[in-house]
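To start, the structure itself, in structure tokens.
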Protein chains: 2
Amino acid sequence: MPSSIGLAILGPGNVGSGVVAALRNGVARYGAQVGRPLEIRRALVRDVTRARDGLDASIVTSNFEDILADPDVQIVVELMGAEHPAREYIEAALASGRHVVTANKEVMAKAGSELLAIAAKHNVRLLYEASVGGGIPVISPLSRDLLANDITAVTAIINGTTNYMLTGMAQSGTDYDVALAEAQRLGYAEPDPTADVEGIDASYKLAILCGLAFHVAVAPDEVARQGITKLGAKDFRYAEALGYTIKLLATGRLVDGGVVASVQPTLIAKDEPLAKVDGVLNAVQIEGDLVGRVLFQGRGAGANPTSSSVLADVLDIARDIVGERRPPEAIEYRKLPVHPPAMHSSRYYMRVTVSDQPSVLARIAGILGEREISIASCIQFETDDSAGTAELVITTHHATGAALDAALAEIRALDVVVEVGNVLAMAG
Amino acid sequence: MPSSIGLAILGPGNVGSGVVAALRNGVARYGAQVGRPLEIRRALVRDVTRARDGLDASIVTSNFEDILADPDVQIVVELMGAEHPAREYIEAALASGRHVVTANKEVMAKAGSELLAIAAKHNVRLLYEASVGGGIPVISPLSRDLLANDITAVTAIINGTTNYMLTGMAQSGTDYDVALAEAQRLGYAEPDPTADVEGIDASYKLAILCGLAFHVAVAPDEVARQGITKLGAKDFRYAEALGYTIKLLATGRLVDGGVVASVQPTLIAKDEPLAKVDGVLNAVQIEGDLVGRVLFQGRGAGANPTSSSVLADVLDIARDIVGERRPPEAIEYRKLPVHPPAMHSSRYYMRVTVSDQPSVLARIAGILGEREISIASCIQFETDDSAGTAELVITTHHATGAALDAALAEIRALDVVVEVGNVLAMAG
């Protein structure tokens, strides 16, 4: 048995480079978690002459057979994208007894059930958390954490490009063409945006989700699709007037003994959680008989979030390979201190009842200043003329609990201070 | 080897009854998922004379030793709550070689690291997904799906009682006492609300989350705590004026080589996702170096959501026990149809440009009515006097795609209709 877990990376492009970098940065941690180091033994590229960060030239190849020929490659990580030849490579890797981790939504949507059957036949694993929702855990929660549920609906925003465009259209009243140009300028949309704006990308992801949620094989071309290209500023104005916003919604439901699956621009009431998922964020909402509605939200694309999911799958398989592993839920605790409240740093809100005199704020500000607590805002909210008092609300920039407590003690002692009311933390 | 997986339920109260009912309802499904039926062999109660739904009197006992004496009990499910004697029972079950699933936040917060070590020593598993966030997957994503990340912060709303109260105070301007009375009336708050309103319950859950996120053992009494009892309607008014709302926030962060952990009422800017988590919902936001921020949201309490998590853990262990199982990600697909768009049912939004004549709406409404499509609203948004046209936005109640398409064909053919613009689905 080799002393490391051997990986092969197919396609070290954008996501692939992220995975390679994360593996390098986390080498000690991952080795400890698995009980054996993870080692990239091979990388499949198109052009072997190009130098690649973190990959020794000796392990780079443009010939897939080199990977199958290396007996120490135990996990193949497919990050090439597109259906071919990724699908054939995944199949060959599984058939050769290798575990496979893939981020390939197109392959999993079109051939997932066949490939999972091949994996089962060869007693190896095929994991694909990164194929839907980038860094958001979705596949694993559906496979494991929600398994006790009869799942009846999946509703998702799973294309960051279109969500960025639609958010822009909703917020700035621009038309489709302007939103597309802006997304292309920022690199969120491809020069040919068809796969995103026509909902094709989302239909792949929805097909995968339907398979997991309902245990029904849904082909991507069985997903009803409507793109966003005909939406105009007008539609957003009218939706707004009706109390709605417009999102490209991927919806799967179990209805009348069958599955309804669609990707289409949809009006969503503004107080729904999904209506608030803006910009390049993704979100998946799942409805089960026991759990009710759960929502998972995060960054749906990008090298780092996608690496998070790819590596979670790699680590899961690696811990399986190291058979004598401790149960996965055991935690190796680090000896780090838990800081006392005096060391906590926060912004603060404080409500202070004071005598209604001109000098009061100066004196409070002076005390805060001595403790190096900067005032962010100060508003006098209420005056009680009969009592001759006023209520000040002061917010501060970051300060430690110790500095705050010392300042509050002095503020309480001021003759012009009637009472220090609530002092609350402010997030951020 | 027994032909079923034997379970013992400790404490079939509110959550326990939910688990028993879900096991009964899902018996066939769970048996298929595991490859062997799940069987409740024992139930530990205080009063054996009380009849319990779904539990035969012959398996009910008030003596914990009866459970240890049954060699066919393989998984002990602890749902008693409180520290003692739950902790001793969990320990004894683990030491006897049984797997344990628990929903007990107090025990896991105070003794989690010791109990996990005992489980590891006896080569059994101790799972506790239900101890934090009810039905929301949190423990498992932190243990598995986000494992590749260096996690730097956990920010959570993990007490439904206080979140219900604070949401009420924010929305209706009531004071603390009124909000508490209302929550007690609805059964969301206990007669003695201390554990909730003083943040004790949340501090248990945060201690568990910190252990998982940072791999540092944080004792619940090391969590800085501030309750919500002193909050007044005034604070919500002032927060609102500043653009904030107030939530009981549980925060853990890795700072300066140590952990900062606090549960305290906190002002959150209104556009932050956590500011929008209202009522009895819970949410946990996790920040990692790769994934960025991910948010998990759902119902944090209640018999059904909690059962969802308890049973996910039970199924996970049961599949482990049935060693010859297929890889967990293989899906047994059901043969169900994917319905064509004509069979989809939805509410619709349609934008129609028409001649500005009084009879137009009647004719469109007539066509929709013939197809049994009810109009929910109709607004004339814009009139173009020079062209003599107006723009109608019509929203409908639920109708099938087939009915809609047929109606749209007739509407397009009307001489008074210039153009049918966008027709979009409406969620709900």
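The values are calculated or read from the model by the stated rules, or taken from the named source; none is laboratory data. On a predicted model such as this, the values are computed, not experimentally measured, just so you know. In this analysis, Cβ positions are derived from the backbone assuming ideal geometry, glycine residues included, and neighbour counts consider all displayed protein chains. Protein only, heavy atoms only, side chains kept; ligands, DNA and RNA dropped before computing areas. Shrake-Rupley method; radii C 1.70, N 1.55, O 1.52, S 1.80 Å.
Please label the shape of the protein assembly as shown as rounded, prolate or oblate, based on the square roots a ≥ b ≥ c of the eigenvalues of the alpha-carbon gyration tensor (a/c under 1.5 means rounded; beyond that, a/b larger than b/c means prolate, else oblate). Because its axes are fairly even, with a/c under 1.5, the protein assembly as shown counts as rounded.
Close amide H contacts of residue B:5 (hydrogens built in the peptide plane, cut-off under 5 Å, sequence separation of 5 or more or a different chain): B:38, B:39.
Measuring r between the beta carbons of residue A:32 and residue A:58 and using R0 = 25 Å, the FRET efficiency lands at 0.40. Straight-line cross-link reach from residue B:230 at under 17 Å between alpha-carbon atoms covers these lysines, not counting any fewer than eight positions away in the same chain: B:247. Normalising by residue count, chain B has a Cα convex hull of 218 Å³ per residue. For region B:139-299, the convex hull drawn through the C-alpha positions has a volume of 110 cubic angstrom per residue. What trypsin sites (Lys or Arg not before Pro) does region A:1-86 have in DSSP loop regions with at most 15 other beta carbons within 10 Å? Answer in residue order: A:46, A:50.
About the centre of its Cα atoms, region B:341-426 shows a dipole size close to 340 debye [charges on the beta carbon of Lys, Arg (+1) and Asp, Glu (-1) only; nearest 20 debye]. Neighbouring Cβ atoms from other chains, within 10 Å of the Cβ of residues in A:262-271, number 4 on average. A run of chain B free of exposed loop cleavage sites, with GluC sites (Glu not before Pro) counted only in DSSP states other than H, G, I, E and B and at most 16 other beta carbons within 10 Å, reaches its longest extent at B:84-323. Rolling a 1.4 Å probe over the protein heavy atoms of chain A, with every protein chain left in place, gives an accessible area that is 49 percent carbon and sulfur. Counting from the shortest, the label point at residue B:84, 7 Å from Cα toward Cβ, is 7.1 nm from the same position in each remaining copy. At a probe radius of 1.4 angstrom, the accessible area of region A:126-216 per residue rounds to 28 square angstrom.
Residue-wise HN-Hα couplings along region A:375-383, as the Karplus relation 6.51 cos²θ - 1.76 cosθ + 1.60 with θ = phi - 60° gives them from phi, are 7, 8, 7, 9, 10, 8, 8, 9, 10 Hz; Gly and Pro carry x. When you filter the trypsin sites (Lys or Arg not before Pro) in region A:326-428 for DSSP loop state and at most 11 other Cβ atoms inside 10 Å of their Cβ, you are left with A:335. Counting Cβ atoms of other protein chains within 10 Å of each Cβ in A:214-225 and taking the mean gives 4. The figure for residue B:271 is an accessible area of roughly 120 square angstrom, using a 1.4 Å probe on the protein chains alone. Across region A:266-280, rounded Karplus estimates of 3J(HN,Hα) from the backbone phi angles (6.51 cos²θ - 1.76 cosθ + 1.60, θ = phi - 60°) give 9, 6, 10, 4, 5, 8, 6, x, 5, 5, 9, 8, 10, x, 7 Hz, Gly and Pro being marked x.
Peptide B:228-235 is shielded by partner chain Cβ atoms: per residue, an average of 3 of them sit within 10 Å of its Cβ. For region A:284-314 versus region B:230-306, the spacing of their alpha-carbon centroids is 20 Å. Within a straight-line Cα-Cα reach of under 14 Å, residue B:270 can be paired with the following aspartates and glutamates, leaving aside sequence neighbours fewer than 8 residues apart in one chain: A:271, B:240, B:278. Label points for residue B:3 are taken 7 Å from Cα along Cα→Cβ. From this copy to the others they lie 5.1 nm apart, shortest first. Here the sum of -39500 (n - 2.57) over DSSP H runs of 4 or more residues, divided by the residues of chain B, equals -10500 deg cm²/dmol at 222 nm, to the nearest 500.
Among the trypsin sites (Lys or Arg not before Pro) in region A:245-294, those located in a DSSP loop and surrounded by at most 14 other Cβ atoms within 10 Å of their own Cβ are A:270.
Note on region A:231-272: with charges restricted to the Cβ of Lys and Arg (+1) and Asp and Glu (-1), its dipole about the Cα centre is near 120 debye.
Of the residues B:358, B:346, B:422, the one whose Cα sits farthest toward the positive end of the charge dipole of region B:341-426, with +1 on the Cβ of Lys and Arg and -1 on the Cβ of Asp and Glu, is B:346. Plainly put, region B:1-67 has a radius of gyration that is 0.98 times its Kirkwood radius, both from alpha-carbon atoms, as the Rg/Rh ratio. Helices from chain A with mean Kyte-Doolittle at least 0.0 and a Cα length along the axis of 24 Å or more, per DSSP H: which? Result, helices passing both filters: A:303-321. Apply the Kirkwood formula to region A:328-426: the hydrodynamic radius equals the inverse of the mean of 1/r over all pairs of different alpha-carbon atoms; give it in Å with one decimal. Here the Kirkwood hydrodynamic radius works out to 14.8 Å.
Take residue B:357, move 7 Å from Cα toward the beta carbon, and the resulting point lies 8.0 nm from the same point in each other copy, nearest first.
Amide H contacts for residue A:223 (H built 1.01 Å from N in the peptide plane; partners 5 or more residues away or on another chain; cut-off under 5 Å): none found. For the pair region A:333-390 / region A:112-140, the C-alpha centres are spaced 53 Å from each other.
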